[in-house]
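**Student:** What follows is a single structure, and I will ask about it in a moment.
The values are calculated or read from the model by the stated rules, or taken from the named source; none is laboratory data. Bear in mind the structure is a predicted one, so any value in this text is a computation, not a measurement. Every residue, glycine as well, gets a Cβ built from its backbone with ideal geometry; the counts of neighbours run over all protein chains shown.
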Amino acid sequence: MDDIRDALLSVPYFKRLNTEAVAALADRANVRKCQTGEAILIQDDPCAGLGVVVSGRVRVLRTSSEGREQVLRILGPGRSFNDVAAIDGEPNPATVVATKDSKVVLLSRPALMRLLDAQPDITKAMLLLMAHRQRFLVEMIEDAALHSVVGRVARLLLRCASGNQPLIEGAADACQRVTQQDIAAMAGSVREVVQRALKLLEQEGAIRLGRAEIIIVDTNILTVYSTE
């Protein structure tokens, strides 16, 4: 139970909850253990409530009618998902899939609404977080419309390097442990094209590619390519 309480307290808008409130929230939560590749929520299904990652990692993604995926966020422990549906009660806006064995908790919408009624400060903190995520989504739309794949990859890596938008929220080593497939999905491309973009950035001295990591070497070079 301690790991669930710690994860809840890591959610930005739950940080100010006292011990009793966190314990009550944890008691009401539905705990799920998910295997790699397992869908936790399905896009357009009825609202499943607010989710929080306790351990592991999940991807939040939209899927087109043709089956093409756009990854919106990659989340580690202490990060929430399905916040919008938990507030407005509408269907889940995205699918959430475990990318490694994970443990998550789901808090029902009625339980969340009771908490927000009792502690209005949480509502303000939640709005600030959602505004930040909305800003990031607007930037993703701009990237897809106005920039090449190399430019999109460079911009993703710059956000990671600055700490403003880590590729994996809730992970201290966000840049190092993300896969090329993850970057491709977030950049709205395919792995082969992103692999070529990363090779180009490596040849130009912007990054260094390891076996399972991307090391940012020169943000100035990334900045130049981010305008393409």
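Listed here are the residues, each with its yes/no results for (1) touching a residue at least 12 places away in the same chain (Cβ under 8 Å); (2) exposed (fewer than 15 other Cβ atoms within 10 Å of the Cβ); (3) out of contact with any Gly (no Cβ under 9 Å at 6 or more places or on another chain).
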residue	(1), (2), (3)
30	yes, yes, no
44	yes, yes, yes
59	yes, no, yes
64	no, yes, yes
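**Student:** Return the pairs, sorted by first residue and then second, in which the second residue is assigned to a loop (DSSP other than H, G, I, E, B) and not basic (Lys, Arg), the first residue lies in the stretch 189-202 and is at negative phi, the beta carbons are less than 9 Å apart, and the residues are 6+ apart or on different chains.
**Tutor:** Cβ pairs passing all conditions: 191/179; 193/187; 194/187; 197/148; 197/187; 197/189; 200/206; 202/217.
**Student:** If the requirement is being farther than 18 Å from residue 186 by Cα, of a type in the set (Ser, Thr, Tyr) and assigned by TED's automatic domain parsing to the domain that holds residue 111, which of these qualifies: 99, 19, 63? Walk me through how you get there before you give the answer.
**Tutor:** Numbers: 99 fails: farther than 18 Å from residue 186 by Cα; 63 fails: farther than 18 Å from residue 186 by Cα.
Just one listed residue meets the conditions, 19.
**Student:** Being within 13 Å of residue 79 (Cβ to Cβ), hydrophobic (A, V, I, L, M, F, W, C) and either surrounded by fewer than 21 Cβ atoms within 10 Å (Cβ to Cβ) or more than 20 Å from the chain's Cα centre (by Cα) (or both) is the filter here, so list the residues in the stretch 1-16 that pass it.
**Tutor:** 9
**Student:** Right, something else. Pick from the stretch 92-144 the residues that are assigned to a loop (DSSP other than H, G, I, E, B) and touching a Ser or Thr at 6+ places or on another chain (Cβ under 8 Å): which of them is modelled with the highest pLDDT? Break it down into steps so the answer makes sense when it comes.
**Tutor:** Keep residues of the stretch 92-144 that are assigned to a loop (DSSP other than H, G, I, E, B), which gives 92-94, 99-101, 108, 119.
The next check asks that each one be touching a Ser or Thr at 6+ places or on another chain (Cβ under 8 Å); those that pass are 99-101.
Working: 99: 90, 100: 89, 101: 94.
It comes out as 101.
**Student:** Can you tell me how many residues in the stretch 180-221 are in contact with a strand residue (DSSP E or B) (Cβ under 7 Å, 6 or more places away or on another chain) and modelled with pLDDT of 85 or more? Give the steps one after another, and end with the answer.
**Tutor:** Going residue by residue through the stretch 180-221, those that are in contact with a strand residue (DSSP E or B) (Cβ under 7 Å, 6 or more places away or on another chain) are 182, 185-186, 188, 198, 201-202, 207-208, 214-217.
Next cut, modelled with pLDDT of 85 or more only: 198, 201-202.
Going through the stretch 180-221 one residue at a time, the tally reaches 3.
**Student:** Next question. Applying the selection to the stretch 199-221, what residues are buried (at least 21 other Cβ atoms within 10 Å of the Cβ) and either assigned by TED's automatic domain parsing to the domain that holds residue 59 or within 24 Å of residue 99 (Cα to Cα) (or both)? Quick ask: steps written out before the conclusion?
**Tutor:** Initial filter on the stretch 199-221 (buried (at least 21 other Cβ atoms within 10 Å of the Cβ)): 201, 206-207, 214.
Listed by number, the list holds a single entry, 214.
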